[in-house]
1. Starting from the Cα-Cα distance between Asp139 and Gln78, subtract it from 0.36 nm times their residue separation and give me the gain in nm to one decimal.
2. Could the peptides 51-62, 34-45 be put in order, highest first, of the mean number of other beta-carbon atoms found within 10 Å of their residues?
3. Can you list residues from other chains, or at least 5 along the same chain, whose modelled amide H is less than 5 Å from the amide H of Leu60?
4. Quick check: pseudo-label points 7 Å beyond the Cα along Cα→Cβ at Asp87 and Trp15, how many nm apart are they?
Amino acid sequence: MTSNAPSKMVTLEIWKGPDAELRVGGLRLVACRREIETIDGGVTLYVRDDPSEGEPRDLLRIDLFRKRPHYHAPAEKQEETRIEAGDGKNLEWGVDAITTRAAELLAEGGYASVGDQLDSGALAGAGPAIRKLLDELGDPNERSTFDVPAALFEGSRKA
């Protein structure tokens with residue numbers, strides 16, 4: 001029997017660092033450090049289009065967190081796709097994803113037309129610049145809160 005009762009929500013404190021940006025291959029990569037209380041944290045990489053006119057759109061969000069690395073395709077999708085990168089390899093996974101599989105990830109998120117227009121050569125050669133972007137991010141200094149289903153962090157914190 002399925003219950004229609006709302007799931008219990010918890011409020012998490014999130015600390016975010018300043019954004020850093022890199023434009024390459026038709027994409028705008030915006031990265032920051034985020035810490036979610038003492039539960040998890042690490043680098044968040046927003047993959048945006050880089051239109052000649054109009055505002056950029058968030059296409060993908062890649063959370064290269066220490067304990068629960070995952071991505072969202074499309075960016076606004078609440079469900080997570082787990083990243084199986086191996087211990088300490090999350091940033092390498094992120095760099096590889098952008099330099100070798102950006103079009104595939106964009107298609108997964110419903111943005112195949114954007115992926116078809118990417119400069120794959122520029123992306124393939126951008127690994128060192130992307131890694132530098134991620135390595136030089138500033139420490140979190142901005143506090144916000146966010147309500148999430150308690151089940152998402154069951155066992156990670158006392159709700």
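1. 19.4 nm
2. Peptide ranking by packing, descending: 34-45, 51-62.
3. Val47, Ala75
4. Result: 2.6 nm between the two label points.
FYI, it's all coordinate maths here, none of it is from the lab. Note that the coordinates shown come from a computational prediction; the quantities given were computed from them, not determined experimentally. Note that each Cβ is placed from the backbone with ideal geometry, even for glycine, and that neighbours are counted across all protein chains shown.
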